[in-house]
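K.L.:
To start, I am sharing the structure in question, which I have written as structure tokens.
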Amino acid sequence: VQLVESGGGLVQAGGSLRLSCAASGSIFKINTMGWYRQAPGTQRELVAEVSSGGGGTNYADSVKGRFTISRDNAKNTLYLQMNSLKPEDTAVYYCNAEVFWISDYRKYGMSYWGSGTLVTVSS
């Protein structure tokens, strides 16, 4: 299973970006998916997560009202729409997914991470 993020880049404060994370491989089902970020010298933190059906979401207080997480289960793809970006949003953004697969009639699950995409917000 691979998670590949895209959509990062350089944007001015107040601007917008849309991140995507495509999952591929032997996938039976993807449960919770989420976006995390890590700025230099800090720990990785949860930005937003969404339940398997897409109806349940959770956001960090710092991004509430500005970021929107969504997913397309038909495409195994996760999105993060980021509006009103601030310099403090600058970080490497990572996609995480709880993926289940079938092997020898048994179901297995594991948490996977993408390699990250850099978001830089200039003031």
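The values are calculated or read from the model by the stated rules, or taken from the named source; none is laboratory data. Computed from a predicted model, the values in this text were never measured in an experiment. All Cβ positions, even for glycine, are placed from backbone atoms using ideal geometry, and neighbour counts span all protein chains on display. Side chains included, ligands, DNA and RNA excluded: accessible areas come from the protein's heavy atoms. Shrake-Rupley method; radii C 1.70, N 1.55, O 1.52, S 1.80 Å.
K.L.:
Here is a check on your reading of the model: is Gly34 touching a residue at least 60 places away in the same chain (Cβ under 8 Å) and farther than 30 Å from Ile102 by Cβ?
P.N.:
no
K.L.:
Are any residues in the range 52-72 at pLDDT below 95 and either open to solvent by 40 Å² or more (accessible area, probe 1.4 Å) or in contact with a Pro (Cβ under 6 Å, 6 or more places away or on another chain) (or both), and if so, which ones?
P.N.:
Gly53, Gly55
K.L.:
While we're here: Among the residues of the range 73-123, which ones are closer than 19 Å to Ser6 by Cα, aromatic (Phe, Trp, Tyr) and open to solvent by 20 Å² or more (accessible area, probe 1.4 Å)?
P.N.:
Within the range 73-123, Tyr79, Tyr94, Tyr112, Trp113 qualify.
K.L.:
Just one of (1) farther than 16 Å from Thr117 by Cα; (2) open to solvent by 60 Å² or more (accessible area, probe 1.4 Å); (3) of a type outside the set (Phe, Trp, Tyr) trips up Arg18, so point out which.
P.N.:
Evaluating Arg18 over (1) farther than 16 Å from Thr117 by Cα; (2) open to solvent by 60 Å² or more (accessible area, probe 1.4 Å); (3) of a type outside the set (Phe, Trp, Tyr) leaves (1) as the failure.
K.L.:
Do we have any residue at all in the range 30-43 that's in contact with a strand residue (DSSP E or B) (Cβ under 7 Å, 6 or more places away or on another chain) and open to solvent by 70 Å² or more (accessible area, probe 1.4 Å)? Write out each step before concluding.
P.N.:
Just the residues of the range 30-43 that are in contact with a strand residue (DSSP E or B) (Cβ under 7 Å, 6 or more places away or on another chain), to begin with: 30-39.
From the residues that got through so far, the ones that are open to solvent by 70 Å² or more (accessible area, probe 1.4 Å) too are none.
Within the range 30-43, not a single residue is in contact with a strand residue (DSSP E or B) (Cβ under 7 Å, 6 or more places away or on another chain) and open to solvent by 70 Å² or more (accessible area, probe 1.4 Å).
K.L.:
Quick one: what pairs do we get from the range 90-108, first residue in contact (Cβ under 8 Å) with a residue 12 or more places away in the chain, second of a type in the set (Lys, Arg) and surrounded by 15 or more Cβ atoms within 10 Å (Cβ to Cβ), C-beta under 6 Å, 6+ apart or different chains?
P.N.:
Ala91/Arg37; Tyr93/Arg37
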